[in-house]
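Working notes for the structure below.
The values are calculated or read from the model by the stated rules, or taken from the named source; none is laboratory data. This is a predicted model, so every value here is computed, not measured. Note: ideal-geometry Cβ built from the backbone for every residue, glycine included; neighbour counts use all protein chains shown.
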Amino acid sequence: MRIGSILAIFLMLSIPAPAQSGAQQGADIVTSKYSLKQLLADDVYVFVCQAVADSLITHRVEPTLPRWGMVGRVSGTVIVAFEITKEGKIRYPIVVSGPKLLQGPVIQAVRAWTFKPYSIQGEPIAVATSVSVTCSNF
């Protein structure tokens, strides 16, 4: 009985908690299941390609890599998926792939990006997209 309780507590603690939309902490990456639920709850059904998202960027912040990352010559590409709101802000960013050491700095940088709102027939709408951010220390 006691082992079952300990196992249940361990499982609850090992499941990542979803991040709040206003949270600005380093590695509070939401799960893909949670992110998809939020997109559907927000009525986001339009997905745009990276080229379209890149054309909408009004302010881009480059990732700041920690000094130890530079010493280790860590480099690679991190793919981040997120929602662009009607106001051009980032919501529900999630790392899709990329080196673990670069994920935190890239998420921090992407959260600071702003976009021109995507519009259909002159009406701004929320869209989902993903972008690739390449970090190189060589």
Single condition Pro99 does not satisfy, out of (1) surrounded by fewer than 19 Cβ atoms within 10 Å (Cβ to Cβ); (2) within 20 Å of Val46 (Cα to Cα): (2)
Pairs with Cβ under 9 Å, 6+ apart, first in the range 45-64 and over 24 Å from Pro99 (Cβ atoms), second of a type in the set (Lys, Arg): Ser55/Lys116; Leu56/Lys116; Thr58/Lys116
Meets criteria (more than 20 Å from Cys135 (Cβ to Cβ), assigned to a loop (DSSP other than H, G, I, E, B) and either at pLDDT below 90 or not β-branched (Val, Ile, Thr) (or both)) for Glu87: yes
Of the criteria (1) in contact with an Asp or Glu (Cβ under 8 Å, 6 or more places away or on another chain); (2) part of a strand (DSSP E or B), which one Phe82 fails: (1)
Gly104 vs. criteria farther than 20 Å from Lys37 by Cα, out of contact with any strand residue (DSSP E or B) (no Cβ under 8 Å at 6 or more places or on another chain) and touching a residue at least 24 places away in the same chain (Cβ under 8 Å): yes
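Hey, among the residues in the range 20-63 that are at pLDDT 85 or above and more than 20 Å from Val127 (Cα to Cα), which one's surrounded by the most Cβ atoms within 10 Å (Cβ to Cβ)?
Restricting to residues being at pLDDT 85 or above and more than 20 Å from Val127 (Cα to Cα), the top hit is Pro63.
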